[in-house]
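Some notes on the structure that comes next.
The values are calculated or read from the model by the stated rules, or taken from the named source; none is laboratory data. Since this is a predicted model, take the numbers as computed values, not measurements. Neighbour counts run over all protein chains shown; Cβ positions are idealised from the backbone, glycine included. In case anyone asks, the SASA skips ligands and DNA or RNA and just uses the protein heavy atoms, side chains included. Shrake-Rupley method; radii C 1.70, N 1.55, O 1.52, S 1.80 Å.
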There are 2 protein chains.
Amino acid sequence: MAVNAGETEQYLGIAEVAERTGLTQNTLRWYEREGMFPRVLRGTDRRRRYTERQVGLLRLLTRLRRTGMPTREMRRFSELLADGATTHGQRLELLTAHRERILARQAELRADLEALDDKVAHYHWLIEQGLDCSGAPINAETDTDNGGQ
Amino acid sequence: MAVNAGETEQYLGIAEVAERTGLTQNTLRWYEREGMFPRVLRGTDRRRRYTERQVGLLRLLTRLRRTGMPTREMRRFSELLADGATTHGQRLELLTAHRERILARQAELRADLEALDDKVAHYHWLIEQGLDCSGAPINAETDTDNGGQ
DNA sequence: GTTTGTCTTCGCGTGCACTCCAATTCCTAA
DNA sequence: TTAGGAATTGGAGTGCACGCGAAGACAAAC
């Protein structure tokens, strides 16, 4: 430990950032190499020194990725960041477009969950009817179930 | 067309099933080959003949996959189907476990969407303050933004 | 009876998002 | 001064879920 022993203490080493963001060290390096994250400042020992602000950005990126944003869009976002305050509009555009995808995904999930619930209810019903526990009655072909609707 | 010309008409060709399930023909064949779907009956010409019931099952499998079920679990489910009515309990178990995952995913999505909304609001505010459109004022370093709370 | 078109099987190829590795560098502790 | 341990780099490998193309079979159309 004590990555920031001889320095300002306000900078974070990669190990701590990994722990705080849930990303692995490998992923952090890979994001940076591939341009998904702006270049991180290095100390005199060539090691990465993250700021609190950058950890915040990583948390945002984690959420974007987890909600299905492809890496090339994260890259695009990172480029816009590097271009400074003149790109706020474009960043907003990118984020709102992604927001729409999340909403669509939520609707899809809801519908899929509902269908699954119907199926679960159906199985509960079947079991209550005694159609389980190796007392297989009537027909026992390959497609004995997956009922109607 | 006319896959079921010389036969009972109640069977469906792979093309129609692909269209009705949203899966490609490749995926349908692959599911079957890899055991994610029970063996499909063949006609005299060796081609697949699906039943309406199987289309229903495919729709369920599509929902399971779309909601993140790994293929080995779909395989497991398919095996249970082949074992007939004695496995209703195990199928129910598998489906309810997956249901829990969907609920967790929904909660995660909600939280991520909320964070994104905060971010979007932040950018709206920034732009209203005039911090856009190449009139970059104050500081224009690499990390000029992504503010904490 | 040849063409056209759709299907078959088998197996290699692809895209994405990491993940791991080897060789090296640097700081700290003994 | 030496050893240990954590971090660095570039590049190769992995797992998942398909995608795709070749070679051949068969039915209906011409």
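So here's what we get for this one:
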read-out: Residue within the range B:80-90 that is charged (D, E, K, R) and either in contact with a Gly (Cβ under 9 Å, 6 or more places away or on another chain) or within 26 Å of residue A:113 (Cβ to Cβ) (or both) present; value: no
read-out: Selection within the range B:103-120 - at the interface with chain A (Cβ under 7 Å from one of its Cβ atoms) and of a type in the set (A, V, I, L, M); value: B:109, B:113, B:115, B:116, B:120
read-out: Residues being touching a residue at least 12 places away in the same chain (Cβ under 8 Å) and under 10 Å from the mean Cα position of the chain (by Cα) - total across the range B:62-81; value: 5
read-out: Residues that are open to solvent by less than 20 Å² (accessible area, probe 1.4 Å) and over 27 Å from residue A:120 (Cα atoms), drawn from the range B:31-48; value: B:43
read-out: Candidates A:85, A:18, A:111, filtered to the one that is free of Cβ contacts under 8 Å to residues at least 24 places away in the same chain, touching a helix residue (DSSP H, G or I) at 6+ places or on another chain (Cβ under 9 Å) and within 16 Å of DNA strand D (Cβ to nearest atom); value: A:18
read-out: Given (1) open to solvent by 30 Å² or more (accessible area, probe 1.4 Å); (2) within 9 Å of chain B (Cβ to nearest Cβ); (3) away from DNA strand D (no atom under 16 Å from the Cβ), number of the condition residue A:100 does not satisfy; value: (2)
read-out: Unique residue being surrounded by 15 or more Cβ atoms within 10 Å (Cβ to Cβ) and away from DNA strand D (no atom under 13 Å from the Cβ) when the list is A:28, A:23, A:94; value: A:94
read-out: Test for residue A:33: is it modelled with pLDDT of 90 or more, of a type in the set (D, E, K, R) and more than 18 Å from the chain's Cα centre (by Cα); value: yes
read-out: All positions within the range B:49-65 that are within 16 Å of DNA strand C (Cβ to nearest atom) and open to solvent by 50 Å² or more (accessible area, probe 1.4 Å); value: B:65
read-out: Failed item in (1) under 19 Å from the mean Cα position of the chain (by Cα); (2) within 15 Å of DNA strand C (Cβ to nearest atom), with residue B:15 passing the rest; value: (1)
